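Read the figures in this text as sums done on the coordinates, not as results from a lab. For clarity, every value in this text was computed on a predicted model and none was experimentally measured. Cβ atoms come from the backbone with ideal geometry, glycine included; neighbour counts cover every protein chain shown.
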Amino acid sequence: MSKYRSNIGRSASCPRLSAWYRQRTVEESNDHFLEITFEGGRFATHSAPVGTLAELGTIQNLLLLVARHRFKEMNPGRRRLPRGFVDAAQLHLVAVRNNCLTASLARPNVSSWQPTLFDRTLFEFARDLTVEALKSADAGGVLPAGFPPIALMQLGAVGRLLGEDEALVMRGVNSAARVTQRSREWIGKMAHQPVERDVELEGEVEELDDVNDRFSLRTDESRIEVPFRSHQRGTVVEAVGDRPITRLRVRGRLVLGPQQKMRTVEELDLVDHERAPEVLKMWARIEHLAQAPPGWLNGDGDPPSAEVQAQAREVLARLLVDHKDVARPKLYPTPDGGLQAEWVLGDWAAEAKFSPAGDGVTLEATNGRTGEDRAEELGAKQISADDASRIAAWLNSLMTEGHLNVRKGR
């Protein structure tokens, strides 16, 4: 038997891998039926989360499915598998090496085998055919002749636990194949069904659909539809009520494709946004200002209206959460029952005045050095609890001129 020749997976992060494989010879193959290497991401530290080793079980089930199909092709008159067939398909983990992480798998010596009823090379055939199928998927090609269509979805399940920056390399005797999320999507196209991936996502709950027990999760990259069970509803409602500083961490199975959605959810956990303490202080300041009595300004002045409190609370929270360079503003009431947020940006003194009716914001700035004034009106449709980008852009334009960071201008 020849040495392992494939270059797949010999990355700079796994320096021991190629040297080890150069030492592998034919005679060792009886103990090492298959090699699975996990690369990149979480495996770069030469270890693996225990949960990701479930990939080995997925591969075992795939090989059994291919071998079973081959046996029935060779024995069209048999309706059942012979005794010992499933036992002969089992794989045992016999060694682990820390070049990224490589698992060596062997087939056991099972006393219940009946060699006269089936050929043990069926499993070697299944291994080699599966490796070729995965190689074709990685190259964007077609399945090799003889690969059973019935096993296509199980083929797409390989790599379900991988992250975007991770890969799984499956090595047989003379060939190797690389599995990534890209190659898995190609398998899904061949199967005309989207593949799935086990993920952990963190995001903000945007819409709650109580009728269908679903919600929309806004992550940094996209919006994803997520189902929930009745006992999880309280967690989802709490995340909605404390937007945008309370986020949800979701663990479950994601369906890949143009319209991404979660198929199932295992866990939902509440997570505080990193700027939650700042936003909470700002909200507390708004509540404090709302307690101002009528005539608080030398017998004049109305307390902030309920409408302006709601708008300022939502818009300013969105501003801080989505725009990390924007500092927490100082807040003051205005005599007409509105609220005013203030920033000092170098030579500029900037203000965002929220109207008492909660229907818009007036942006004003004065340059203390030149005396220049600037102003801009934003209507209710230009700012919202989901979008404060116009205010952020205005503040950024002021600090860009002075080559200052907003936080440094405090």
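Return the ratio Rg/(2.2 N^0.38 Å) for the stretch 16-192, where Rg is computed over Cα atoms only. Walk me through the numbers on the way to the answer.
Details: Rg = 16.2 Å, N = 177, 2.2 N^0.38 = 15.7 Å.
That works out to 1.03 for the stretch 16-192.
Ordering ARG68, ARG369 by the number of other Cβ atoms within 10 Å of each residue's own Cβ, fewest first, gives ARG369, ARG68.
Across the stretch 39-54, coupling constants 3J(HN,Hα) worked out from phi with the 6.51/-1.76/1.60 Karplus curve, θ = phi - 60°, read 10, x, x, 5, 8, 5, 8, 6, 8, 9, x, 4, x, 5, 6, 4 Hz, and Gly and Pro carry x. Under a Cβ-Cβ cut-off of 11 Å, what is the net charge of the residues other than SER355 that fall near it, where Lys and Arg count +1 and Asp and Glu count -1? Local net charge: -3.
Each label was represented as a point 7 Å from its Cα along the Cα-to-Cβ direction; for ARG249 and ASP300 these points are 5.3 nm apart.
Any idea what angle helix 389-401 forms with the longest principal axis of the chain, computed on alpha-carbon atoms, 0 to 90 degrees, nearest 10? Result, in degrees: 80.
Provide, for q = 0.11 Å⁻¹, the log10 of I(q)/I(0) from a solvent-free Debye sum over equal Cα point scatterers in the stretch 276-409. Normalising to I(0) and taking log10 leaves -0.37.
Split the chain at each of the GluC sites (Glu not before Pro) in a DSSP loop with at most 12 other beta carbon atoms within 10 Å, and the longest piece is 1-163.
Full extension of the chain between GLU274 and ASP220 yields a length gain of 18.0 nm, computed as 0.36 nm times the residue separation minus the alpha carbon distance. Computed on the stretch 16-192, with alpha-carbon pairs under 8 angstrom and 6+ residues apart, the relative contact order is 29 percent. Compared with the dominant Cα axis of the chain, that is its longest principal axis, helix 121-138 is turned about 30°. The chymotrypsin sites (Phe, Trp or Tyr not before Pro) of the stretch 125-234 include none that meets both criteria, a DSSP state outside H, G, I, E and B (loop) and at most 13 other C-beta atoms within 10 angstrom of the site's C-beta. The antiparallel fraction among DSSP beta bridges confined to the chain stands at about 95%. Listed cross-link partners LYS189/LYS324; LYS324/LYS381; LYS72/LYS189; LYS261/LYS324; LYS261/LYS281 are compared with a 32 Å cut-off, the Cα-Cα value being larger for LYS189/LYS324; LYS261/LYS281.
Measuring nothing but how far apart in sequence close Cα pairs (under 8 Å, 6+ apart) lie, relative to its length, the chain scores a relative contact order of 10 percent.
Convex hull volume of the C-alpha atoms in the chain, normalised per residue: 193 Å³.
3J(HN,Hα) along the stretch 214-221: 9, 9, 9, 9, 9, 9, 5, 9 Hz, from the Karplus curve 6.51 cos²θ - 1.76 cosθ + 1.60 with θ = phi - 60°, whole Hz, x for Gly and Pro. In a Gaussian network model over the chain where Cα atoms closer than 10 Å are linked, find which of THR219, THR366, THR102 has the largest mean-square fluctuation. Result for the chain, Cα springs under 10 Å: THR366 fluctuates most. Estimated purely from DSSP H runs of n ≥ 4, each contributing -39500 (n - 2.57), the mean residue ellipticity at 222 nm for the chain is -9000 deg cm²/dmol once divided by its residues.
Under Stokes-Einstein, with the Kirkwood radius over Cα pairs as Rh, the value for the stretch 197-272 at 20 °C and 1.002 mPa s is 178 µm²/s. The C-alpha atoms of the chain define a longest principal axis, and helix 181-191 lies at about 70 degrees to it. Only Cα pairs under 8 Å and 6+ residues apart enter the sum, and on that basis the relative contact order of the stretch 114-218 stands at 23 percent. Bridge orientation summary for the stretch 197-272: considering DSSP beta bridges with both residues in this region, about 95 percent are antiparallel. Placing +1 on each Lys and Arg Cβ and -1 on each Asp and Glu Cβ, with no other charges, gives the stretch 197-272 a dipole about its Cα centre of roughly 300 debye.
Expressed per residue, the C-alpha convex hull volume of the stretch 124-268 stands at 121 Å³. Of all DSSP bridge pairs formed entirely within the stretch 276-409, close to 95 percent run antiparallel.
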